[in-house]
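**Q** I'd like to ask you about the structure that follows.
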Amino acid sequence: MSDVPTSAGPKLAVEVDHYAIAEAPPVERPSALRRVWARFHAASPFASNVALTMGANVVLGVVGLITGPICARLLGPSGRGELAAIQNLYWLAATLAMLGVPEATLYFTARRDRESRRLLASGIVLVLLVYPVFYLCAYFLAPYFLAAQSHVVVQTARWVLLGLPLYALLTIPLFSLRGNNDLVRWNLMRLVPAIGWFALLVALFFAGAPTPRNVAFGYLGVLAAGLIPTVWVVRRRTSGSSSPQPELWPKLLRYGLPLALAEIPLTLNLRLDQMLMAAFLPARLLGLYVVAVAWGNTVPPLLYAIGTVLFPRVARADASDRPALLAQGVRIGIFAALILAVFLAAVTPFTVPLLFGKAFQESVAVAVVLVFASAICGVNVVLEEGLRGLGETSSVFLGEIAGLAVTLLGLIALLRPFGIFGAGVASFLGYLGTTIALLFRIRMKLHIRFADLVIPRSRELKEAWGRCVSLKRGFLNAQD
């Protein structure tokens with residue numbers, strides 16, 4: 001999509017001798033930033049979009065590497081574990097209550113972008129109507145999910161649940177931007193909560209009040225503040241009527257509910273280990289594990305970027321072109337995941353104590369395991385985005401169910417005897433189980449060999465290198 005706003009004003013009308021003569025508005029010279037992006041994008045649309053998204057993900061990763069250690073040092077292992085217990089319940093309820101509507105908004109916006117504003121409004125209203133049910137469920141289940149935590153932590157988690165609507169109001173509009181293929185603004189808006197989170201931690205540091213309760217409520221304030229730029233940008237970049245249309249709800253739910261069902265095992269795959277720790281282990285051990293998770297999360301940015309660009313590319317392609325596009329994206333994702341995981345695992349023993357402090361030295365071993373687990377999780381994102389582009393949402397659900405079963409069995413067998421290291425191994429095995437199941441579903445759907453899905457071709461590696469060179473030349477030329 002062009003960077004020129006769709007809400008450009010009407011042409012000027014000048015009355016001369018009772019005749020209305022249309023006068024075109026003056027042509028504005030594009031800004032230097034837009035000229036750079038235009039040439040950058042012209043060199044290779046796919047590679048430039050991946051590079052843009054990867055750049056935003058790298059920024060998010062760097063911010064995470066800054067805020068993660070700050071938060072850990074401010075709260076210590078026990079306080080960091082209490083904050084994780086509070087926020088995990090919030091994210092679980094907020095994610096499950098979405099009913100797959102964000103993905104449905106993305107899919108239908110990509111196919112019917114002229115109705116993007118109506119789709120967005122319909123999706124938001126639908127989710128807000130069902131949020132009270134999920135709030136009540138989470139409220140009454142909080143003492144069981146947080147059984148090993150103090151009464152103060154449980155009560156704080158219940159109050160934080162009142163901020164559930166903020167998640168929908170921020171998330172669904174971003175999916176609408178992505179559906180319009182407006183990746184520039186989508187990536188910019190994704191940075192807003194991360195920057196707000198950094199500002200919050202700095203403010204709490206100077207205020208001298210870094211308690212888990214203050215941090216949890218402060219983060220809700222960050223989400224509320226993020227609504228202002230989000231609404232402003234999305235309103236300018238969407239078109240059509242902004243009134244919700246209940247007639248669209250069945251269509252959104254038909255596409256989204258299989259993904260919502262898949263979101264249950266997906267969310268549990270990502271958070272079941274921490275939730276069980278909150279129920280059975282002291283907050284200090286949970287804090288050590290959360291730090292290891294934070295370090296492991298530095299792996300997926302590139303893989304998320306590939307999956308993000310792959311979805312609309314597959315969704316909009318002709319049926320005959322989809323298998324080749326999907327298979328190529330998967331091969332590139334697996335190759336990139338392997339390179340990143342090996343490098344980060346090698347530097348983990350030195351980097352984790354340096355960033356998070358010596359109090360988190362015990363996190364190193366499980367952090368190495370979670371680096372490889374996160375790499376596999378990133379590959380799963382690529383696989384699932386490709387399947388969503390094919391419209392195969394049920395395959396995503398089946399893949400996540402397989403992974404959840406492996407994760408649950410692994411936690412039962414490994415959590416008590418091996419502690420946080422056992423939880424890390426269980427997560428690794430669970431993600432791997434999802435990968436295998438998703439590969440089988442893609443093979444059955446597209447009738448291609450496993451080797452064609454997982455082994456990168458020398459020609460593709462040469463093309464990838466050539467695209468990097470082209471992007472570099474496009475960037476340098478744009479600066480001239």
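The values are calculated or read from the model by the stated rules, or taken from the named source; none is laboratory data. Please read all numbers here as calculations on a predicted model, not as lab measurements. So basically every Cβ, Gly included, is an ideal-geometry build from the backbone, and we count neighbours across all protein chains shown. What goes into the accessible areas is simple: the full protein's heavy atoms, side chains included, and nothing from ligands, DNA or RNA. Shrake-Rupley method; radii C 1.70, N 1.55, O 1.52, S 1.80 Å.
**Q** Condition test on A464, is it open to solvent by 40 Å² or more (accessible area, probe 1.4 Å), at pLDDT 85 or above and not aromatic (F, W, Y)?
**A** No; evaluated as a whole, the condition is false for this residue.
**Q** Just one of A437, A426 is in contact with a Ser or Thr (Cβ under 9 Å, 6 or more places away or on another chain), modelled with pLDDT of 85 or more, buried (at least 20 other Cβ atoms within 10 Å of the Cβ) and over 28 Å from A110 (Cα atoms); which is it?
**A** From the options A437, A426, the qualifying one is A426.
**Q** Further question: Kindly check whether there is at least one residue in the range 257-280 that is of a type in the set (F, W, Y), open to solvent by 30 Å² or more (accessible area, probe 1.4 Å) and without any contact (Cβ under 8 Å) to a residue 40 or more places away in the chain.
**A** No, the range 257-280 contains no residue that is of a type in the set (F, W, Y), open to solvent by 30 Å² or more (accessible area, probe 1.4 Å) and without any contact (Cβ under 8 Å) to a residue 40 or more places away in the chain.
**Q** Suppose we filter the range 206-238 for residues that are loosely packed, with under 14 Cβ neighbours inside 10 Å and either among the acidic types (D, E) or over 18 Å from N187 (Cα atoms) (or both); how many remain?
**A** Adding up the residues that qualify gives 5.
**Q** Yes or no: L166 crowded, with 18+ Cβ neighbours inside 10 Å, without any contact (Cβ under 8 Å) to a residue 40 or more places away in the chain and in a helix (DSSP H, G or I)?
**A** no
**Q** Turning to a different aspect of this structure: Can you tell me which residue among L340, L355 is closer than 17 Å to V290 by Cβ and either out of contact with any Asp or Glu (no Cβ under 7 Å at 6 or more places or on another chain) or surrounded by fewer than 24 Cβ atoms within 10 Å (Cβ to Cβ) (or both)?
**A** After applying the criteria, what remains is L355.
**Q** Filter the range 128-167 down to the residues that are at pLDDT 90 or above and of a type in the set (G, A, S), then identify the one that is nearest to P212 (Cα to Cα).
**A** My answer is A157.
**Q** For the range 211-252, enumerate the residues that are within 22 Å of the chain's Cα centre (by Cα), at pLDDT 85 or above and assigned to a loop (DSSP other than H, G, I, E, B).
**A** Of everything in the range 211-252, nothing turns out to be within 22 Å of the chain's Cα centre (by Cα), at pLDDT 85 or above and assigned to a loop (DSSP other than H, G, I, E, B).
**Q** Here is a follow-up. How many of the residues in the range 358-392 are farther than 16 Å from V330 by Cα, in contact with a Leu (Cβ under 8 Å, 6 or more places away or on another chain) and open to solvent by 30 Å² or more (accessible area, probe 1.4 Å)?
**A** 1
**Q** So for the range 314-334 (the condition being at pLDDT below 80, within 20 Å of the chain's Cα centre (by Cα), buried (at least 21 other Cβ atoms within 10 Å of the Cβ) and of a type outside the set (G, A, S)), does at least one residue qualify?
**A** Among the residues of the range 314-334, at least one is at pLDDT below 80, within 20 Å of the chain's Cα centre (by Cα), buried (at least 21 other Cβ atoms within 10 Å of the Cβ) and of a type outside the set (G, A, S), which makes the answer yes.
**Q** Mind listing whichever residues of the range 37-78 are at pLDDT 80 or above and basic (K, R)?
**A** Listed by number, the list holds a single entry, R73.
**Q** A further question on this structure: Would a scan of the range 92-104 turn up a residue that is closer than 18 Å to L355 by Cα and crowded, with 23+ Cβ neighbours inside 10 Å?
**A** No, the range 92-104 contains no residue that is closer than 18 Å to L355 by Cα and crowded, with 23+ Cβ neighbours inside 10 Å.
**Q** Being among the polar types (S, T, N, Q) and not in a helix (DSSP H, G or I) is the requirement here; does S394 meet it?
**A** no
**Q** Looking only at the range 402-417, decide whether some residue is of a type outside the set (A, V, I, L, M), more than 23 Å from the chain's Cα centre (by Cα) and open to solvent by less than 20 Å² (accessible area, probe 1.4 Å).
**A** Scanning the range 402-417 turns up at least one residue that is of a type outside the set (A, V, I, L, M), more than 23 Å from the chain's Cα centre (by Cα) and open to solvent by less than 20 Å² (accessible area, probe 1.4 Å).
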